[in-house]
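Undergrad: Starting off with a structure, shown below.
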Amino acid sequence: MALRLDGAWIYIEPRTGWRGFFAAQGQFRVFSSGEWRARCDDHSALPMIGVNTSPDAVNRLAVASDASLFGHVGTGTS
């Protein structure tokens, strides 16, 4: 990436996790593994999710955290 600041060009290497909007394609992308990848917004298609850890066949949602909060207000569950 490049930008002009005070009459000089500044070049910046993107880092993993950076997000950008690609106007020509009309889509958001995320920089990962050395390239810009299309962002997936359809999370219903994800069979497993891991946050700070890896999910597996038994624990399809796996969270490793010092603290966590899961709520179910209004869903009729207890």
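Undergrad: How large is the dipole of the chain about the Cα centre if only Lys and Arg carry +1 and Asp and Glu carry -1, each at its Cβ, rounded to the nearest 20 debye? Don't jump to the answer; show the numbers that get you there.
TA: Details: 7 positive and 7 negative charges, 33 e Å.
That gives a dipole near 160 debye.
Undergrad: Could you tell me which residue out of F31, I49, I10 lies farthest along the dipole of the chain toward its positive end? Charges go on the beta carbon: Lys and Arg +1, Asp and Glu -1, centred on the Cα centre.
TA: I10
Undergrad: Okay, moving on. Students often get this wrong, so try it: which of [x] 3, 14, 20, 18, 16, 11, 8, 6, 3, 1; [y] 3, 16, 28, 28, 17, 6, 2, 0; [z] 3, 11, 11, 15, 19, 13, 9, 8, 6, 4, 2, 1, 0 is P(r) over Cα pairs in 5 Å bins from 0, in percent as calculated from the structure shown?
TA: Looking at P(r) over Cα pairs in 5 Å bins from 0, in percent for this model, the match is [z].
Undergrad: Could you please report the charge total around G17, scoring K, R as +1 and D, E as -1 over all other residues with beta-carbon less than 14 angstrom from its beta-carbon? All intermediate terms of the calculation are to be shown ahead of the outcome.
TA: Working: positive: R15, R19, R29, R37, R39; negative: E13, E35.
After counting each charged neighbour, the total is +3.
Only the coordinates and a few stated rules stand behind these numbers; no lab work does. None of the values given here were measured: they were computed from a predicted structure. Methodologically, a virtual Cβ is constructed for each residue, glycine included, from the backbone with ideal geometry; neighbour enumeration extends over all protein chains shown.
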